[in-house]
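Each remark here refers to the structure printed beneath this line.
The values are calculated or read from the model by the stated rules, or taken from the named source; none is laboratory data. Nothing here was measured: the structure is a model prediction, and the numbers come from that model. Virtual Cβ from ideal backbone geometry, glycine too; neighbours counted across all protein chains shown.
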Amino acid sequence: MNMETAPKTGSTAGGGITPSSILAIIAGALMIAGVIAGALMFTVWNDGGTMMTSPGMMGGGGMMGGRTMSDSFMWAAIGGVAAIWAGTGAVCIIGGYAIYRSLQSATKWGIAILIASIVGLLTVGGFIIGPILGIVAGILALVKK
């Protein structure tokens with residue numbers, strides 16, 4: 001079987017997995033892990049729905065003596081950021097797998113991984129290293145054709 005008729009399923013010229021797919025899947029996993037770690041930290045840090053309501057320096061909750069943010073705003077902010085992190089992680093994982101399955105889709109998924117990783121970096125998701133790996137994966141997918 002010559003190279004023109006060989007199936008292009010996740011293999012490079014050497015017969016291995018493409019680095020862009022590996023990096024994209026790792027980046028997505030780190031972004032999803034960031035969602036889980038953030039949720040766990042918030043539940044430990046959160047006391048009754050607000051930030052630090054235990055008696056503080058001024059005798060009340062927090063430094064100003066009262067609640068620092070409303071419950072609904074805090075949950076909306078945390079939920080919105082978690083949804084962005086989960087979405088960017090899912091795009092990276094799905095894109096990495098799609099590149100592994102079909103190298104012809106590397107350009108399309110490379111762009112998607114690159115955009116998702118930039119959004120993840122702007123929202124400081126995935127322990128910061130996740131979006132950085134995603135940006136590298138997106139660039140590799142666009143360059144390595």
Quick check: anything in the range 37-52 of a type in the set (A, V, I, L, M, F, W, C) and at pLDDT 95 or above? no
Filtering the range 99-108 down to residues that are surrounded by 20 or more Cβ atoms within 10 Å (Cβ to Cβ) and without any contact (Cβ under 8 Å) to a residue 60 or more places away in the chain yields none
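Looking only at residues that are part of a helix (DSSP H, G or I) and of a type in the set (S, T, N, Q) in the range 66-98, which one is surrounded by the most Cβ atoms within 10 Å (Cβ to Cβ)?
Applying the filter and picking the extreme gives Thr88.
Output the residues belonging to the range 109-145 that are aromatic (Phe, Trp, Tyr) and surrounded by 24 or more Cβ atoms within 10 Å (Cβ to Cβ).
Within the range 109-145, just Trp109 meets the criteria.
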Within the range 109-145, how many residues are in a loop (DSSP other than H, G, I, E, B) and touching a residue at least 24 places away in the same chain (Cβ under 8 Å)? 6
